[in-house]
Structures are given as structure tokens and as C-alpha cells.
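Contents: one structure, followed by commentary.
The values are calculated or read from the model by the stated rules, or taken from the named source; none is laboratory data. This structure is a prediction, so every number in the text was calculated from the model and none was measured. Calculation scope for accessible area: heavy atoms of the full protein, side chains included, ligands and nucleic acids excluded. Shrake-Rupley method; radii C 1.70, N 1.55, O 1.52, S 1.80 Å.
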Amino acid sequence: MTDLILQALYSGVLAGSSYALIALGLALVFGTMRIINLAHGEMVLVAAYMAYTLENAYRVNPLIAIPLAVIVACMLAVIVNFLVNRIRHDRELNSLILTFGLGVILTNAMLMIWKADIRTTKSAWLQDAISFGSLYSMKGELLFFAVSLLLVGAVAWWLRASWYGRAVRAVSSNREAAKLMGINPQRTELVSFLVAGLLAGFAGVALYCNSVIQPALGGALTVKAFIITVLAGMGSIVGVLIGALLIGIAEALTTTLA
């Protein structure tokens, strides 16, 4: 039983690292614009289907699809940002309705293009097992665990050290005061959406490589990301990472012990 619990904890940590990428993008947008992008999970899922499409069409390693997945996710992020900025009244409420509708549209588009079948990678290298004593995982899980930690660290550095990162923090803290300091809030919001799209691209490929995907999964991803954001609190990168790991561990323990 001890080995089983340790394996569940290990698997939960690996899964939680990918959740951190999804939640961090949602948290950035929520922090700067005070809106919850209910289409965020679908953006991640579209990125995952980019990896599936390339692997299925050209028999290539799905890792090669990362640039395409990032580009597509960023394009969707720009579209969502553009539409949200067209809202003039009650932006918090109306943006929920808008992004929920966009999520439904994306889900149905994925159903039309890729059908409802469950998909996962066929890459033998990514699915190869690697062990540390009695703990087992796939190579793909370890790879994206490292990538997730690297990206979370990079975003934390960007928010602290770069001009746009500090602008995002300023807009998140006080939008009107940020304007007085010469910061363009709309441009800063677009930057936060682009960073969220970049993270969604990596998260989507990680999801496809380490798990299974199907069009109805997007809503569940958004809910998990929102729960992690709430657990983390506003503006806490470390909190997002810890919250994501807790969700991953809780899922793994529930599956193991239920």
C-alpha cells in the first residue's frame, strides 16, 4: 500500500506541473483584466489537437508541433482579447457570457474537425517507462515536468524583471494608477493574453503527450485552472504551482484509493 501511495503522489506531482501551465495563463488574464476566460481550456485543447494532427498526418514526434500549437493558441488569445475589449458595459459579467460562448463554439468546431474519439500520442519514446526505484513514469511526463518548471520560473522572472512584466503587475494592482505612469492598459492586457496563449500551447502538447484528449475536455480544464487560481491567490506564481501540484496529487490519490 505504501508503494501505491508513493506512486500516486509521484504521478500527481507530474500531472500537476502541466496544470500549472494552464492555470498560470488563466491567472495572468484574470489579474490584468479581472475577467475569467471560460474558453481557456478549449484554447489548450486546440493546441493539443495541433500535436495530434501533425503526428497523425506526417508521423512525426508531437514535440515538433510545439511552435504550431503556440502560434494557434496565441492567435485564439488575440481573438478573445479583441472581443472582450469590445465590451463597453458590465465587462466582468458580459465577458463570462462571451468566453463561455466562444468555448462552446471551439468545442463544436473540434467535434466537427476531429470527431469525438479519444486521442493520444503513438510516440514510443514519449510513452517509454522510466523508473526511480519503485516509482514509474513515462519519459514524456518527466520531460514536460521539467519544461513546466522552466516556464513557470521564466514567467516569474519576466513579471519581476522585464518592463512589460512590471506593467502587467501594475495594471493588475491599480489600472488607473498604471495609466498615470504611462502604461497602456489595453496593450498590457494583450501581452498577458499572448503569454497565456504561449503557456496554453505548451500545456496542450503536454496534455496530448501524457494523457488522452477529446473535445469535451476543455470545460474541465478551465474549472481546474480556476480552482488553482483561487487557491493560489492573486499574483502568486509560487501559489499557482503549489495549487496545481495539490490538484494533481488529489486526483491521483482519489483514482488510486477510490
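Numbers for the structure displayed
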{"quantity": "Cα gyration tensor, the range 21-169 - rounded (a/c under 1.5), prolate or oblate", "calculated": "oblate"}
{"quantity": "Accessible surface of the chain, 1.4 Å probe, proportion on carbon and sulfur as whole %", "calculated": "70 percent"}
{"quantity": "Shape category assigned to the range 215-254 from the gyration tensor of Cα positions, a/c cut at 1.5", "calculated": "oblate"}
{"quantity": "Whole-Hz ³J(HN,Hα) from phi, Karplus 6.51 cos²θ - 1.76 cosθ + 1.60, for the range 58-72, glycine and proline x", "calculated": "10, 6, 10, 5, x, 4, 5, 7, 4, x, 5, 4, 5, 4, 5"}
{"quantity": "Where the chain is the region considered: accessible area per residue in Å², 1.4 Å probe", "calculated": "47 Å²"}
{"quantity": "For the range 117-210, the spread of Cα positions along each principal axis, largest first, Å", "calculated": "56, 35, 15"}
{"quantity": "The range 32-38 - phi-based ³J(HN,Hα) in whole Hz, Karplus 6.51/-1.76/1.60, Gly and Pro as x", "calculated": "7, 10, 6, 10, 9, 7, 6"}
{"quantity": "Euclidean distance between Cα centres, the range 2-36 to the range 169-243, Å", "calculated": "11 Å"}
{"quantity": "Length-normalised contact order of the chain in % [C-alpha pairs under 8 Å, at least 6 apart]", "calculated": "45 percent"}
{"quantity": "Accessible surface of Thr255 - all protein chains present, 1.4 Å probe, nearest 10 Å²", "calculated": "110 Å²"}
{"quantity": "Nearest-10 value in Å² for the accessible area of Arg166, using the 1.4 Å probe", "calculated": "110 Å²"}
{"quantity": "Lysine pair count for the chain [Cα-Cα under 27 Å; pairs on different chains or 8 or more apart]", "calculated": "4"}
{"quantity": "Karplus-derived 3J(HN,Hα), 6.51/-1.76/1.60, for each residue of the range 194-199, Hz, glycine and proline x", "calculated": "5, 5, 4, x, 4, 5"}
{"quantity": "Shape category assigned to the range 146-258 from the gyration tensor of Cα positions, a/c cut at 1.5", "calculated": "prolate"}
